[in-house]
Amino acid sequence: MRTTRSLAVAVATVGVVGLAAPAASAWADPTNIVAMPSVIPRGGHLTVTVDGSSCQSSGSKITSPAFPDTELRGIPGGSAVSATAIVHEHARPGAYDITAHCGGKTLTRPAAFTVIHGGVRGGLGGSTHSGATGTDMAIGGALVAAALVGGGVFWMRRRSENRV
């Protein structure tokens, strides 16, 4: 009786694993999508890398609402492929998905990159075309004036203490 029960459990386990294996391997390729840079202005060049041997075939491409369909090209020495897409000038700011179409299989990476309006803010002072507003200038001037008055009062006070 115990042998029959053990045999039935073993057969059921092998059956479940055997049925699940083809479904698991069906999603094994392509496996990963990486977009660089992750934040990009309109009109910028976006490099997308996809891992997967089925993407080496011709006709493999990446798609997104932010750029035109772009063909994937193999990277020498591996199973990864790459493409450089140009983001539409009219793309709205926000996060965008990328879908890879490889050998009849698809893989989507949600919010793979973000389109921003204007230049990328980075480095010393950023690189956008917008400057200081009138309000910024008034606040900065008031802070400089306050620093001068405060420094003058401190200096005058120290000076009068030395005379006594």
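The values are calculated or read from the model by the stated rules, or taken from the named source; none is laboratory data. These numbers were taken from a predicted model, which means no experiment stands behind them. All Cβ positions, even for glycine, are placed from backbone atoms using ideal geometry, and neighbour counts span all protein chains on display. Calculation scope for accessible area: heavy atoms of the full protein, side chains included, ligands and nucleic acids excluded. Shrake-Rupley method; radii C 1.70, N 1.55, O 1.52, S 1.80 Å.
Descriptive notes on the structure:
- Taken over the range 1-45, the criterion of being modelled with pLDDT of 85 or more and outside any strand (DSSP E or B) is satisfied by 31, 37, 38, 42, 43, 44.
- Condition check for residue 147: assigned to a helix (DSSP H, G or I) and either at pLDDT 90 or above or exposed (fewer than 10 other Cβ atoms within 10 Å of the Cβ) (or both): yes
- Residue count for the range 85-98, restricted to those that are open to solvent by 30 Å² or more (accessible area, probe 1.4 Å) and part of a strand (DSSP E or B): 4
- Scanning the range 72-84 for residues that are open to solvent by less than 30 Å² (accessible area, probe 1.4 Å) and in contact with an Asp or Glu (Cβ under 9 Å, 6 or more places away or on another chain) gives 80, 81, 83.
- Filtered residues of the range 46-71 (kept if in a loop (DSSP other than H, G, I, E, B) and either open to solvent by less than 10 Å² (accessible area, probe 1.4 Å) or in contact with a Phe, Trp or Tyr (Cβ under 7 Å, 6 or more places away or on another chain) (or both)): 52, 60, 65, 66
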